Structure formats: C-alpha cells, structure tokens
Amino acid sequence: MSENIKIHEKDKYVFDMLQAELTLKTGKKITQQELFSQLIEFVRAKKDNFFGRVSKLPLSEKQKKKIRSLSSDWGVETSEEEIDLVVYGAKR
C-alpha cells in the first residue's frame with residue numbers, strides 16, 4: 001500500500017541528506033521508502049524516549065518561568081568566545 005504524506009521543505013532536505021549520507025557510509029543505495037521504514041522502526045524501538053521528548057515541548061509558561069528563576073548573576077563578565085569554548089569545545 002502506498003500513501004502520500006505532506007512534509008515541510010526543510011524536512012525533505014534533511015531526509016534527502018540522511019539518504020545520501022547513508023548511501024556514502026554503507027556503499028549501497030537505500031530507497032526513501034526503505035529509509036522511512038527504518039526510521040519508523042528505530043523510533044518504535046525507542047518510543048519511550050521519543051514520546052518523552054515530544055511531549056515535553058513546547059515548554060509551558062510556568063516551566064519557562066521556573067527555568068528563568070534558576071539563573072543568578074555571579075558578577076562575572078563572560079565573553080561570547082568563552083561561552084563557545086564551554087558549549088562547543090572550541091571557538092566558532
């Protein structure tokens with residue numbers, strides 16, 4: 001059975017990139033239908049993790065307020081470069 005689904009252009013682009021990367025890594029071509037089936041199977045196997053992630057977003061206003069209340073001013077100036085080093089492990 002074949003069905004059509006509508007997807008956003010950016011998601012189609014990412015899907016195409018995943019297909020191309022998988023082809024490069026494995027050395028064999030995978031169809032979009034096969035890739036989609038593999039993705040569905042992967043999510044099904046990890047559904048608790050996936051459902052937990054999806055159900056937590058977007059944050060409620062109460063959750064946002066709680067997160068904002070956790071910040072405090074330590075009186076230290078931090079540069080963008082220092083933040084990049086800590087977050088990304090290198091300067092961007």
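Any read-out appearing in this document is the output of simple, stated calculations on the displayed coordinates, not a laboratory observation. Treat the numbers as computed from the prediction; the structure is a model and nothing was measured. No Cβ is skipped: glycine too gets one built from the backbone with ideal geometry, and neighbour counts run over all protein chains shown.
Using a cut-off of 27 Å between Cα atoms, the listed pairs 12/66; 12/62; 10/56; 6/56 include 12/66; 12/62 as exceeding that distance. When each full DSSP H helix of the chain is screened for a Cα extent of at least 24 Å along its own axis and an average Kyte-Doolittle hydropathy of at least 0.0, none passes. What you get for region 1-60, charging only the Cβ of Lys and Arg (+1) and of Asp and Glu (-1), is a dipole of about 180 debye around the Cα centre.
Considering the values (i) 20.3, 62; (ii) 15.0, 49; (iii) 17.3, 67, which represents Rg and Dmax of the Cα atoms in Å as calculated for the structure under consideration? Computed from these coordinates, Rg and Dmax of the Cα atoms in Å corresponds to label (i). Put in order of Cβ neighbour count within 10 Å, fewest first, the listed residues 84, 48 become 48, 84.
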